[in-house]
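Taking it in order: structure first as structure tokens, then the write-up.
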């Protein structure tokens, strides 16, 4: 294979995640599913929870989150 056709090391991933976005109400739901699948640190989920609380407080529609 030509060197120019090789995938750069920074673009090689160990895991692929397939997500059916039609099942989610908003982008944050997709972010939450990805974070859970990747088993990201609990602090990431806390950030998403905090953003949800803030949106609830300000009355933002779920579809715009």
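The values are calculated or read from the model by the stated rules, or taken from the named source; none is laboratory data. For clarity, every value in this text was computed on a predicted model and none was experimentally measured. Because the Cβ atoms are built from the backbone with ideal geometry, glycine has one as well, and the counts that use them run over all protein chains shown.
Structural remarks
- Counting the residues of the stretch 56-65 that are on the phi < 0 side of the Ramachandran plot and either free of Cβ contacts under 8 Å to residues at least 12 places away in the same chain or in a loop (DSSP other than H, G, I, E, B) (or both) gives 6.
- Unique residue being at pLDDT below 95, in a helix (DSSP H, G or I) and out of contact with any strand residue (DSSP E or B) (no Cβ under 8 Å at 6 or more places or on another chain) when the list is 39, 51: 51
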